[in-house]
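Input: a single structure, listed below in structure tokens.
The values are calculated or read from the model by the stated rules, or taken from the named source; none is laboratory data. What you are looking at is a predicted structure, and each value in this text was computed from that prediction instead of being measured. In this analysis, Cβ positions are derived from the backbone assuming ideal geometry, glycine residues included, and neighbour counts consider all displayed protein chains.
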Amino acid sequence: MSGLRDTVQTKLADAGLQEALGRALASSNAKLETALSELDDVPALKDAAAEIRRHAVGRMWQLLETFEARLRDAGTTVLWARDATDVRRYIAEICSVHKVSKTVLSKTMVGEELGLEQSIKDAGSSVIQSDVGERIIQLAQQSPSHIILPCIHLRAADVGKILHERGRMPYSEDPAELSRGLGKSLRQHFLGAHMGVSGANFLVAETGNIVCVENEGNIRMGYSVPPVHVVVTGVEKILPTLADARLLLALLPRLATGQRATCYTSILGPAPLPGQSRYVILVDNGRSDLFGAGPCRDLLHCIRCGACLNVCPVYQRVGGHAYGWTYPGPIGTAMASMLAPDEAVESLSLCTLCGACSEVCPVRIPLDRLILLGRATARARRKASEVRQERRALRWFRRAMSGRVRYRMSDWGHRLGLAWWGGRVAAMQEKLGWRGERAAPEPAPQLFRTWWSGRRKRGDLK
Amino acid sequence: MSDGGRRGSREASFSVAMHNRTRSARAAIRGRLDTAYEGQRPDPPEESYLRPTDQPVPLSDLERFLERLREHQVGYHLVAGAEELAELMANQIYAKRGRKALLDNRGVMLQCRLLGGLRQRLLDVIVEAVGAGLAADQADFGITPCEGLIAETGTIVLAADDRPTLQVSLLPGRHFVVAREAQLVVDLATWMATHPGNGRHHILLSGPSRTADIEKQVVIGVHGPWKVSLFILRDGWEQR
């Protein structure tokens, strides 16, 4: 836990991070409110979206089979991957067969989860991240700190420095100059790429469509220019019909970026483009475990809008890297607690259980309850001796609180203890690090019960 | 063995290896999902989900659509006929000192004889149709027809069947779209109902390429065109 505490302290003390997060998230949340205010009945829309996702995930296998058949009939190669190892093999074989030595990769969280960039490099191809934010992160040799805005933790000045040092660009602090400069340098990579790799937002079983949502045009470049297009996506992205995708498309851009619609929504047909080879890799990587994990199946409903991160009071202060897992924020914490419980033990503390994430979620995932469930699971995995101690302490507390006399005695005992050993208690609290963030309040001069009965006697209460 | 033969045998072994791996992965994923079904069978699928209803709007569809275009920073022109369209477009290309323009010459573009109209007016500019040799990344202007206009979100629906056509609306710095007023519909649901999935690739375009990755500051024109202009042929344009 001290590791997490140190991380949090470092993040809180990082003025640059605080400035970057404060500015970006204030803007995101203001846009979100405006975008949602245009809709007449947001709760009904969210109910419908949640229902669509529940049904789609509930009959995932049947839908995936239909989707696979549609694509195969149209000439697209569909590959199934249990985990990152399978994906690595497929990528190696695709690169070998098509003699791929230059790849452009569009932002995909599944890709982050699987270490896709490294897999492509291992297959002997250079790989350039084509999303502006991801390219900055790649040059900085960092990991993304947000699902939608990978470099949200960096200020323009930080970006300018990174691009100057590693991207061979003149130093600037102007976001427009930096973004356009990157776009210009990326253009040559697109035109010379042999393979484009992207994720997908939705897969449509009925028609075999692949839906990708973006603003920059890098995903469009990735499937329009190179002769090989690979889609790497989670199995849970499946939807029954295009009408279902339409409804989710009314919510996704609004929640993600505060837009009515993103600049580009590509609805790819099931067939590859003439003269192009297309592969669709359907990735499990623990999703089937979530499917069978009772209430945790709800996590598969996520449409990766990132709104839960934007509204989370903890994320707003510490950013995404503090969570130490691919997916940061509330959705990441809940997923990690199920898929990588050992890694998630610490990040489970980065939640106040305020419920803001569950409230904003467009598909009604009860994130706070799932994090609480994660905590219970983590507790069950702790050492028996630690659990015994905690249980004993709570038993004493329950006894003290559950009787009038015992409650009074504990109250007086607490006061006397503080009066006699206050210094020692403070020293102990200091040692345990309890006073790091705030001072312990002084006891009130009067007990609440004494004050209450005094008011009654004076006749203040009727 | 010739190069072609070597390549062929490599592809065959590649296919077998890939086939075996994907078959076992598929079976494993199916097995895990089936086990989960046994433990907790999902509710039977319902056919009728709650759908949002289309709300009445105060503005007419066209006015609302044009308002959305302004918000998305998409330029627009309402034109009466083919001659006016060619004249206006040629003036714009000339004013921006365009040197090369590439046309996706289908549908309404053919009906308007836009290629010929532009060539007549722009003698110093190379104006070509897709497939005639001009690469999309060499063109200053990409000119395409569209498949529909959506009032609710200010969206232009593009369609393409091949990579060269897709690139016309993506690689040039400026993108001109030609539409008919009759193509305007209220919302995406209406458009989908009238255009059932036909296997084509569609792009819902709602403004020029943009990013806000650095400090959430919106920057127009990163990978795709930085300027999008829509030319709407008013109803009855064929008679003019």
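Please indicate, with yes or no, whether at least one residue in region A:353-364 is touching an Asp or Glu at 6+ places or on another chain (Cβ under 6 Å) and under 23 Å from residue A:36 (Cβ atoms).
yes
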Determine if region A:152-165 includes at least one residue that is within 17 Å of residue A:264 (Cβ to Cβ), of a type outside the set (Phe, Trp, Tyr) and either away from chain B (no Cβ under 11 Å) or in contact (Cβ under 8 Å) with a residue 24 or more places away in the chain (or both). no
Within region B:206-219, residues over 15 Å from the mean Cα position of the chain (by Cα) and either within 7 Å of another protein chain (Cβ to nearest Cβ) or crowded, with 19+ Cβ neighbours inside 10 Å (or both) come out as B:210, B:211, B:212, B:213, B:214, B:215, B:216, B:217, B:219
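Conditions (1) hydroxyl-bearing (Ser, Thr, Tyr); (2) more than 13 Å from residue A:195 (Cβ to Cβ); (3) in contact (Cβ under 8 Å) with a residue 40 or more places away in the chain, marked per residue:
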{"site": "A:223", "(1), (2), (3)": "yes, no, yes"}
{"site": "A:241", "(1), (2), (3)": "yes, yes, no"}
{"site": "A:255", "(1), (2), (3)": "no, yes, yes"}
{"site": "A:258", "(1), (2), (3)": "no, yes, yes"}
{"site": "A:263", "(1), (2), (3)": "no, yes, yes"}
{"site": "A:267", "(1), (2), (3)": "no, yes, yes"}
{"site": "A:273", "(1), (2), (3)": "no, yes, yes"}
{"site": "A:278", "(1), (2), (3)": "no, no, yes"}
For the structure I just gave you, tell me whether residue B:203 is under 13 Å from residue B:150 (Cα atoms), within 7 Å of another protein chain (Cβ to nearest Cβ), crowded, with 23+ Cβ neighbours inside 10 Å and not aromatic (Phe, Trp, Tyr). yes
Read through the list (1) buried (at least 19 other Cβ atoms within 10 Å of the Cβ); (2) β-branched (Val, Ile, Thr); (3) without any contact (Cβ under 8 Å) to a residue 24 or more places away in the chain, then give the number of the only condition that residue B:165 fails. (3)
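Does region A:136-153 include one or more residues that are touching a strand residue (DSSP E or B) at 6+ places or on another chain (Cβ under 8 Å), modelled with pLDDT of 95 or more and not hydrophobic (A, V, I, L, M, F, W, C)?
Within region A:136-153 (the criterion being touching a strand residue (DSSP E or B) at 6+ places or on another chain (Cβ under 8 Å), modelled with pLDDT of 95 or more and not hydrophobic (A, V, I, L, M, F, W, C)), the answer is yes, since at least one residue qualifies.
Just to check your reading of the model, which residue among A:69, A:81, A:49 is out of contact with any Phe, Trp or Tyr (no Cβ under 7 Å at 6 or more places or on another chain), among the small types (Gly, Ala, Ser) and modelled with pLDDT of 95 or more?
Values: A:81 fails: out of contact with any Phe, Trp or Tyr (no Cβ under 7 Å at 6 or more places or on another chain); A:49 fails: modelled with pLDDT of 95 or more.
Result of the check over A:69, A:81, A:49: A:69.
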Would region B:220-234 turn up any residue that is out of contact with any His (no Cβ under 6 Å at 6 or more places or on another chain), farther than 22 Å from residue A:271 by Cα, part of a loop (DSSP other than H, G, I, E, B) and more than 14 Å from chain A (Cβ to nearest Cβ)? yes
Could you check residue A:169 against (1) over 27 Å from residue A:278 (Cβ atoms); (2) surrounded by 18 or more Cβ atoms within 10 Å (Cβ to Cβ); (3) modelled with pLDDT of 95 or more and say which number it fails? (3)
Would you mention how many residues in region B:158-186 are facing chain A (nearest Cβ under 9 Å) and either more than 15 Å from the chain's Cα centre (by Cα) or part of a strand (DSSP E or B) (or both)? 1
Any residue at all in region A:97-105 that is touching a residue at least 60 places away in the same chain (Cβ under 8 Å) and within 23 Å of residue A:318 (Cα to Cα)? no
Suppose we keep only residues that are of a type in the set (D, E, K, R), surrounded by 19 or more Cβ atoms within 10 Å (Cβ to Cβ) and out of contact with any Lys or Arg (no Cβ under 6 Å at 6 or more places or on another chain) within region A:261-289. Which one would you say is farthest from the other protein chains (Cβ to nearest Cβ)? A:278
Check residue A:185 against each of (1) in contact (Cβ under 8 Å) with a residue 40 or more places away in the chain; (2) surrounded by fewer than 23 Cβ atoms within 10 Å (Cβ to Cβ) and name the one condition it does not meet. (1)
Taking residue A:246 as the residue in question, decide whether it is facing another protein chain (nearest Cβ under 7 Å) and either surrounded by fewer than 24 Cβ atoms within 10 Å (Cβ to Cβ) or assigned to a strand (DSSP E or B) (or both). yes
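Here's the yes/no breakdown for (1) over 27 Å from residue A:301 (Cβ atoms); (2) within 21 Å of the chain's Cα centre (by Cα); (3) surrounded by 14 or more Cβ atoms within 10 Å (Cβ to Cβ); (4) within 10 Å of chain B (Cβ to nearest Cβ):
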residue: A:4; (1), (2), (3), (4): yes, yes, yes, no
residue: A:9; (1), (2), (3), (4): yes, no, yes, no
residue: A:12; (1), (2), (3), (4): yes, yes, yes, no
residue: A:44; (1), (2), (3), (4): no, no, yes, yes
residue: A:47; (1), (2), (3), (4): no, no, yes, yes
residue: A:53; (1), (2), (3), (4): no, yes, yes, no
residue: A:69; (1), (2), (3), (4): no, no, yes, no
Single condition residue A:179 does not satisfy, out of (1) of a type outside the set (Val, Ile, Thr); (2) within 12 Å of chain B (Cβ to nearest Cβ); (3) surrounded by fewer than 23 Cβ atoms within 10 Å (Cβ to Cβ): (3)
Of the conditions (1) touching a residue at least 60 places away in the same chain (Cβ under 8 Å); (2) crowded, with 17+ Cβ neighbours inside 10 Å; (3) under 20 Å from residue B:213 (Cβ atoms), residue A:29 clears all except one; give me its number. (2)
Looking at region A:419-436, is at least one residue in a helix (DSSP H, G or I), in contact (Cβ under 8 Å) with a residue 40 or more places away in the chain and surrounded by 12 or more Cβ atoms within 10 Å (Cβ to Cβ)? no
Identify the residue in region B:228-240 that is surrounded by 18 or more Cβ atoms within 10 Å (Cβ to Cβ) and not polar (S, T, N, Q) and, among all such residues, is modelled with the lowest pLDDT. B:237
So which residues in region A:99-132 are part of a loop (DSSP other than H, G, I, E, B) and either of a type in the set (A, V, I, L, M) or surrounded by 19 or more Cβ atoms within 10 Å (Cβ to Cβ) (or both)? A:100, A:106, A:107, A:108, A:123, A:125, A:130, A:131
Evaluation of residue A:360 against (1) free of Cβ contacts under 8 Å to residues at least 24 places away in the same chain; (2) within 20 Å of the chain's Cα centre (by Cα) (one fails), failing number: (1)
